[in-house]
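These notes are about the structure you will find just below.
The values are calculated or read from the model by the stated rules, or taken from the named source; none is laboratory data. Keep in mind the model is a prediction, meaning the values are calculated, not measured. Counting neighbours? That spans all protein chains shown, and the Cβs are built from the backbone with ideal geometry, glycine included.
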């Protein structure tokens, strides 16, 4: 089989199927791909399209139930050796992992071992592939930590994973991949769990992996902005097959396959929600302006007391804002800015330390649980991760009915079943789904069920904490459309917490920007995102990758100058 000159990975007619209890599932079907040295190939598609299975097969990281056909030719960085990964097993497979190809996993917290220092974990690859003394391995670990941008690597090399932020942990996972200088790095959703500002830094680091280390990158992602920012070439997967391959500019300028067109159309773009929010504002009466706010914060302060002689941590510092009836306030900012803390305080789950926070006419500073309990049933919640917010032992119907039973609107799940069926139909789920368990639903279906549960008590206020961050772009688009329809129909006020500015712009009447516990900017989408005044908002806006390679290159220059 001839291999194109310069390709470090050459996949020929790859098919992967899995033996399951319900029969054979074909995950990848006749996929052929080549990745050239120093090239970034992005594989995109929704969950279940086969992109991660294709990428993991390059390293032979598939379970025993997988049946693989075809060939995966993996070359060493110097081109001296070429191996067919499909034919390798045991120690021969161990030899190519880390040396010829390395993996950057999606969730760094689970990829790193919590009981070992990060330096030891980076040196583990060196120990597996060569005879390095303890001192040499430590020096190489310090060097690679410095090169991926970890400050003070001489000391930080002995720290444990929990002592690093999310972005730093992702840098450490990239350092693990780089330490043996592989020819290709497989990066599986490396920025999904990160804020836009941290995401921009990780993308910059991956670009340096290509330019300084000379590594090819296979990037698995559903974020089309990330693709526009980093990729040279794009392969689009749908139901296990590649439906389109093109260079990045051609793909964004003129996508050929209907699925690619649909995928690009689903990406939320800055400014796309302006007409909708202006229409909502125009429909409001003069009385609405004078209506009592559903939520009113004045000089709100929330402090977490320090433990073991550590100083107190000020999570929210003097924040003031109002949410009027039927209004959607988008709260944006990076991790640690205080967004979720404010959401939890509104729900009565976090104590207010100072200032005033009035929720549906109840003062939360010093509130007693007994006083707040009747108010709580007027508030709905949509959580970030629908998988972990459902009890896996309850059916969807029982989970949706739970608020009705707890607040004595229904005597049992059976009594509430008619209302549950109505709610499921409202969120466009068949009522038969009520008899399924959470693991039997896809991510988008679980988030719809989560929306149904939040609306069970017909709340006046909804707190939505990153409700679409875990979803594919096409599923996210459908959930956001549904959210907007439900908000118009039910007229609830909403605090919508997110780090995705384009999503917030699509839904919110007003946007509030938090930075280190302080409100630095507030206004309509046109004001905050169209003409940001605060340097942090400008940096946040420049960090957001957009699905247009030429525009994204310009924005990257703006981000680098602001940084």
Tell me, please, whether a residue that is at positive phi and without any contact (Cβ under 8 Å) to a residue 40 or more places away in the chain can be found in region 302-315.
yes
Given the criteria outside any helix (DSSP H, G or I) and free of Cβ contacts under 8 Å to residues at least 24 places away in the same chain, does residue 135 qualify?
no
Every residue from region 379-406 that is loosely packed, with under 15 Cβ neighbours inside 10 Å and under 27 Å from residue 326 (Cβ atoms):
406
Of the residues in region 191-201, those that are out of contact with any helix residue (DSSP H, G or I) (no Cβ under 6 Å at 6 or more places or on another chain) and at pLDDT 85 or above come to 199, 201
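Given 302, 202, 220, which one is crowded, with 21+ Cβ neighbours inside 10 Å and over 23 Å from the mean Cα position of the chain (by Cα)?
Numbers: 202 fails: over 23 Å from the mean Cα position of the chain (by Cα); 220 fails: over 23 Å from the mean Cα position of the chain (by Cα).
Just a single option satisfies the conditions, and that option is 302.
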For region 68-106, the count of residues that are more than 21 Å from residue 15 (Cβ to Cβ), without any contact (Cβ under 8 Å) to a residue 24 or more places away in the chain and not in a helix (DSSP H, G or I) equals 4
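Could you tell me which of the residues 501, 519 is buried (at least 21 other Cβ atoms within 10 Å of the Cβ), in the same structural domain as residue 331 (by TED's automatic domain parsing) and closer than 30 Å to residue 255 by Cα?
Details: 519 fails: closer than 30 Å to residue 255 by Cα.
Matching residue, one of 501, 519: 501.
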In this structure, does residue 471 turn out to be within 21 Å of residue 221 (Cβ to Cβ), surrounded by fewer than 24 Cβ atoms within 10 Å (Cβ to Cβ) and touching a helix residue (DSSP H, G or I) at 6+ places or on another chain (Cβ under 7 Å)?
yes
Within region 376-404, track down each residue that is in contact with a strand residue (DSSP E or B) (Cβ under 9 Å, 6 or more places away or on another chain), over 15 Å from residue 344 (Cβ atoms) and assigned to a helix (DSSP H, G or I).
403
Taking the residues in region 487-520 that are over 23 Å from the mean Cα position of the chain (by Cα) and in a helix (DSSP H, G or I) as candidates, determine which candidate is nearest to residue 333 (Cα to Cα).
487
Tell me which residues, restricted to region 138-149, are under 29 Å from the mean Cα position of the chain (by Cα) and either more than 16 Å from residue 171 (Cβ to Cβ) or in a helix (DSSP H, G or I) (or both).
141, 144, 145, 146, 147
Quick check, is residue 284 assigned by TED's automatic domain parsing to the domain that holds residue 339 and either surrounded by fewer than 16 Cβ atoms within 10 Å (Cβ to Cβ) or part of a helix (DSSP H, G or I) (or both)?
yes
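Is it the case that residue 513 is buried (at least 23 other Cβ atoms within 10 Å of the Cβ) and either over 25 Å from residue 282 (Cβ atoms) or not assigned by TED's automatic domain parsing to the domain that holds residue 260 (or both)?
Judged against the criteria, residue 513 is a match.
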Of the residues in region 525-535, those that are under 25 Å from the mean Cα position of the chain (by Cα) and either buried (at least 18 other Cβ atoms within 10 Å of the Cβ) or assigned to a loop (DSSP other than H, G, I, E, B) (or both) come to 525, 528, 529, 530, 532
